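Asks: The structure follows.
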Amino acid sequence: MLSWVGRFLSSSIGKKAAMALTGLGLVGFLVVHLLGNLTLYADDTGEAFNHYAETLEANPFLPVAEIGLALLFAAHIALAVRVTAENREARRQGYRLRASMGERTLASATMIVTGVIVLVFLVVHVADFRIPKLFGRIDDLAAAVKLRLASPLGAGIYLVGVGALGIHLAHAFKSAFQSLGLNHPRFTPLIARTSVALAVLLFLGFVSFPVVLLAA
């Protein structure tokens, strides 16, 4: 059984399927993360947001979840690099690349660029909030978030990161279903529209924080 799994994951189809599954797992995390962050709008004091954060901190399984999430990110990135390298190797001839240009969009053509931007943004985001909170350097997380995102620099970094995330998701969600072989003339257009809608909703949800705080 394990040998079969190993052979499958070493194949091109297996790596693409694994990348799709890890990507969908990360999309699920983004949805949950946004819903939690929306508690920042529950009151002016930040009490609801801090209570949400403290509830997470009190969960004994949080370290396990964070390690699992980090491994999910690492696996997705490693698979993306490997699949991209293999795809480039398989498409050496220029005319074959040009022949596929008709189906390319901004999102599909910039997956590597937006992926790198999102990775850098994630590192900055963790350094801004999670690490200081973990080591007790932040007592009021809501106040720290508001202070950071109300500054032009903090808001700018957040806008660039979330913008890259939205563009990345516009293609990634649809591509994940294709990689899993879930293609059908009836459902593929719906999946494509859902991919764009999900990307837009997540972008608007996350981008609302710096926009609202800058305007306050």
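Asks: For S195, work out the one condition from (1) within 28 Å of T55 (Cβ to Cβ); (2) touching a helix residue (DSSP H, G or I) at 6+ places or on another chain (Cβ under 7 Å); (3) hydroxyl-bearing (S, T, Y) it doesn't fulfil.
Replies: Here S195 meets the rest and fails (1).
Asks: What is the residue count in the stretch 191-210 for residues that are free of Cβ contacts under 8 Å to residues at least 24 places away in the same chain and either not in a helix (DSSP H, G or I) or not charged (D, E, K, R) (or both)?
Replies: 7
Asks: Something else about it: Looking at L134, L169, L201, which one is exposed (fewer than 14 other Cβ atoms within 10 Å of the Cβ), closer than 30 Å to H51 by Cβ and either over 18 Å from the mean Cα position of the chain (by Cα) or not polar (S, T, N, Q) (or both)?
Replies: L134
Asks: Looking only at the stretch 17-45, which residues are under 18 Å from L182 (Cα atoms) and of a type in the set (V, I, T)?
Replies: The answer is T22, V27.
Asks: Which residues, taken from the stretch 46-72, are in contact (Cβ under 8 Å) with a residue 24 or more places away in the chain and closer than 30 Å to Q178 by Cβ?
Replies: L69, L72 - these are the residues of the stretch 46-72 that are in contact (Cβ under 8 Å) with a residue 24 or more places away in the chain and closer than 30 Å to Q178 by Cβ.
Every residue, every condition in (1) outside any helix (DSSP H, G or I); (2) surrounded by fewer than 15 Cβ atoms within 10 Å (Cβ to Cβ); (3) modelled with pLDDT under 95, yes or no:
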{"position": "V116", "(1), (2), (3)": "no, yes, no"}
{"position": "V120", "(1), (2), (3)": "no, yes, no"}
{"position": "D139", "(1), (2), (3)": "yes, yes, yes"}
{"position": "A144", "(1), (2), (3)": "no, no, no"}
{"position": "Y158", "(1), (2), (3)": "no, no, no"}
{"position": "V162", "(1), (2), (3)": "no, no, no"}
{"position": "L165", "(1), (2), (3)": "no, no, no"}
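Yes/no per residue for (1) of a type in the set (D, E); (2) surrounded by fewer than 17 Cβ atoms within 10 Å (Cβ to Cβ); (3) touching a Gly at 6+ places or on another chain (Cβ under 9 Å):
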| site | (1), (2), (3) |
| --- | --- |
| R7 | no, yes, yes |
| S10 | no, yes, no |
| G36 | no, yes, no |
| E47 | yes, yes, no |
| H51 | no, yes, no |
| E54 | yes, yes, no |
| A85 | no, yes, no |
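The values are calculated or read from the model by the stated rules, or taken from the named source; none is laboratory data. Not measured: the values here are computed from a predicted model. Note that we place each Cβ from the backbone using ideal geometry, even for glycine, and neighbour counts take in every protein chain shown.
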